[in-house]
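Visitor: Have a look at this one before I ask anything.
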Amino acid sequence: MDYFSCQRPWAFYGLLFLIPAIALSVSKYIKLIQNGTIGNSAIFQKLKRRLVIRLIFWSLSWTMLVTAYSGLFWGAEPRAVHQSGKDLALVFDVSWSMTAKDIADGNSSAMTRLEAVASYTEGLLDKLDETKISAVLAKGEGMIAIPQTNDKNAIYPLIHSLSPRLMSTVGSSLGGGINAAMESFPTLSISARTILVFTDGEETDGTLARATETALRSGIQIIFLGFGSEQETKIISGDGKTPVSTALRSESLINMVSQVNAKVSDISKTHRQAGLGLDTAKAFYIPAQKKGSAHQVLKIIKDFSSFEKKSTTIYEMHSVPRWKLFCFLALLFLIAGIFFSELNISKFSSSKKSLLPIMLICFTGLFQGCNAKWNGSKNILEGAFHWYRKEYREAVTSFMDTIEYAKEENDPLLKQYALYGLASTYLAQGEQAAALSRLNELPPDTPDNIKFATLYNSGIISYNKGNYNEAAVLFRQALLIDEGNIDAKINLEMSLQQQVNKSTEGVQELNPVQENQQKNQLESAIFSLIREKETNQWKNQQSQENSNSNLDY
């Protein structure tokens with residue numbers, strides 16, 4: 001069954017509590033018989049019936065509760081996720097097949113596939129602006145070489161040192177590289193995510209199709225760039241002795257991409273509304289040596305992201321949680337146990353029975369009315385809840401839904417709160433351009449608390465861009481609304497100081513109203529430690545090359 005999973009399988013040990021519960025009920029029944037409290041056969045049959053019915057229905061009720069707590073998921077449904085910004089993971093195939101020297105360099109000579117990858121990547125990086133990038137090495141497994149960063153200069157040293165000797169594992173696992181690339185994306189990111197795979201299509205473990213399908217279902221698009229000649233080329237495998245043949249497996253990559261796209265589309269099509277099929281993530285194959293391939297890659301990345309637009313909706317496939325179903329069944333079995341064991345249905349008059357469906361209809365209508373009245377407020381509350389839990393993708397979705405609902409209900413105040421919540425979420429993720437566009441949508445007649453926060457956060461954005469004069473103006477305007485706010489006063493002083501001396505080094509980072517002040521320092525420290533660890537790992541791996549495998553090519 002697709003998407004079947006269980007979060008807490010150990011919860012089923014709770015079913016063992018049924019054993020003492022059943023034993024206690026049977027023991028109580030036996031004592032009643034031994035004490036002679038049962039007067040005649042009619043009472044005996046009635047007591048026996050009650051006991052059996054309760055045991056059956058209440059045992060089922062407990063079973064449903066345990067199952068609900070176990071966290072069962074099955075089936076798949078598309079979930080709309082609003083995205084802003086661009087995240088890119090570069091996956092470099094560094095298996096021995098990529099050392100084949102079969103690509104013309106334009107000077108009547110040839111270069112290796114890895115050399116062509118380095119040159120191609122360098123050209124792409126020059127065109128990728130406002131994009132967070134990570135780098136992954138793929139050989140016998142996948143390894144995150146460089147965590148996600150805004151600094152493209154961190155990528156250049158890696159691409160010019162690509163070699164099979166960077167990893168000691170044997171074989172070629174492109175699927176492992178894609179899995180590592182998915183792990184390199186921040187789990188709370190609201191950016192559009194793309195994986196760019198530089199490869200010749202040679203793999204030895206057959207995991208590529210499955211990994212690609214998993215990525216697409218998660219809303220991550222994949223672009224395969226094929227390097228090499230389709231004519232077989234002789235190389236020496238990883239053992240340094242055995243000659244093997246290698247070629248660009250373009251037909252294999254094309255077929256895999258077509259099959260995975262069709263499979264993911266078929267699964268989601270049965271659950272989505274009509275017209276939403278183009279909004280799902282897809283896989284692409286592009287021969288790197290094809291004229292205009294780099295322009296095509298950049299266009300795919302740009303179209304998939306929403307940096308130039310206010311937002312983009314992507315439909316991700318998620319497993320469906322079933323705890324609500326089992327909680328409902330638990331309650332149903334509990335009520336059924338009481339109803340069938342205690343109540344005598346034959347004594348109900350027809351008039352009383354007729355009241356049941358009427359009461360049910362009224363009860364349902366009452367809740368439907370409440371739902372219509374509080375739907376917008378509920379979405380705002382859900383968005384704020386997700387924000388404080390740093391579940392930014394879900395928060396963006398809740399705020400965007402509230403904006404649409406506010407437009408339908410013509411509720412300007414609800415829309416203003418949703419716009420500010422959306423801007424705060426973008427700002428918490430570092431998407432300053434998207435945050436500013438949402439703040440600019442707020443009208444001047446917003447409530448004072450929203451107006452103050454809007455001016456304050458706009459000042460933060462201007463300060464981070466180096467527009468200190470504009471930042472000072474915005475902080476002054478914020479203080480006109482809340483003259484006692486200490487943070488705004490401090491930020492105003494800092495902006496004025498930066499105006500006087502823009503050349504001062506070590507400019508302090510300002511934090512928005514809802515942002516952790518130690519976030520940037522912690523990220524920098526973690527990044528430095530990871531880089532140092534990976535550098536040492538590369539040095540160690542250069543002396544650990546496996547020399548006895550014919551699969552390592």
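What follows is calculated from the coordinates using simple rules that are stated; it is not laboratory data. Computed from a prediction, not measured in an experiment: that's the story for all the values here. Cβ: placed from backbone, ideal geometry, glycine included. Neighbour counts: every protein chain shown.
Visitor: Quickly rank 449-455, 91-97 as a protection proxy: mean count of other C-beta atoms within 10 Å, highest first.
Guide: Numbers: 449-455: 19.9, 91-97: 27.1.
Packing proxy ranking, top to bottom: 91-97, 449-455.
Visitor: By how many nm would the segment from GLN499 to ASP445 grow when fully extended, if each residue of separation counts as 0.36 nm and the alpha-carbon distance is taken off? Don't jump to the answer; show the numbers that get you there.
Guide: Numbers: separation 54, 0.36 × 54 = 19.44 nm, distance 3.04 nm.
Between GLN499 and ASP445, full extension yields an extra 16.4 nm.
Visitor: Still on this structure, I have one more. So how do 217-227, 169-179, 201-211, 294-304 stack up, highest first, on mean other-Cβ count within 10 Å? Show your work: numbers first, answer last.
Guide: Working: 217-227: 23.5, 169-179: 25.5, 201-211: 19.2, 294-304: 15.7.
The densest-packed peptide leads the list: 169-179, 217-227, 201-211, 294-304.
Visitor: For the pair ALA104/LYS407, report the inter-label distance in nm, with labels modelled 7 Å from Cα in the Cβ direction.
Guide: The answer from the label model is 5.2 nm.
Visitor: Okay, next question. Give LYS324/LYS390; LYS132/LYS241; LYS407/LYS451; LYS378/LYS465; LYS127/LYS489 a once-over and call out the pairs whose C-alpha atoms are over 32 Å from each other.
Guide: Numbers: LYS324/LYS390 24 Å; LYS132/LYS241 41 Å; LYS407/LYS451 20 Å; LYS378/LYS465 35 Å; LYS127/LYS489 40 Å.
Flagged as over cut-off: LYS132/LYS241; LYS378/LYS465; LYS127/LYS489.
Visitor: Right, something else. Label-point separation (nm) for GLN7 and LEU47, each offset 7 Å from Cα along Cα-to-Cβ?
Guide: 4.5 nm
Visitor: Continuing with the same structure: On a full-extension model of 0.36 nm per residue, what is the gain between HIS295 and SER258, subtracting their alpha-carbon distance, rounded to one decimal in nm?
Guide: On the way: separation 37, 0.36 × 37 = 13.32 nm, distance 2.17 nm.
Length gained between HIS295 and SER258: 11.1 nm.
Visitor: Classify segment 122-269 as rounded, prolate or oblate, taking a ≥ b ≥ c as the square roots of the eigenvalues of its Cα gyration tensor: rounded when a/c is under 1.5, otherwise prolate if a/b is larger than b/c and oblate if not. Numbers along the way, then the final one.
Guide: Values: a/c = 1.81, a/b = 1.17, b/c = 1.54.
Oblate is the answer for segment 122-269, as a/c is 1.5 or above yet b/c matches or exceeds a/b.
Visitor: Another question about this same structure. Whose amide H sits under 5 Å from the amide H of SER191, counting only residues 5 or more places off or on another chain, with H placed in the peptide plane?
Guide: For SER191, whose amide H was placed from the backbone, the distant partners under 5 Å are SER84.
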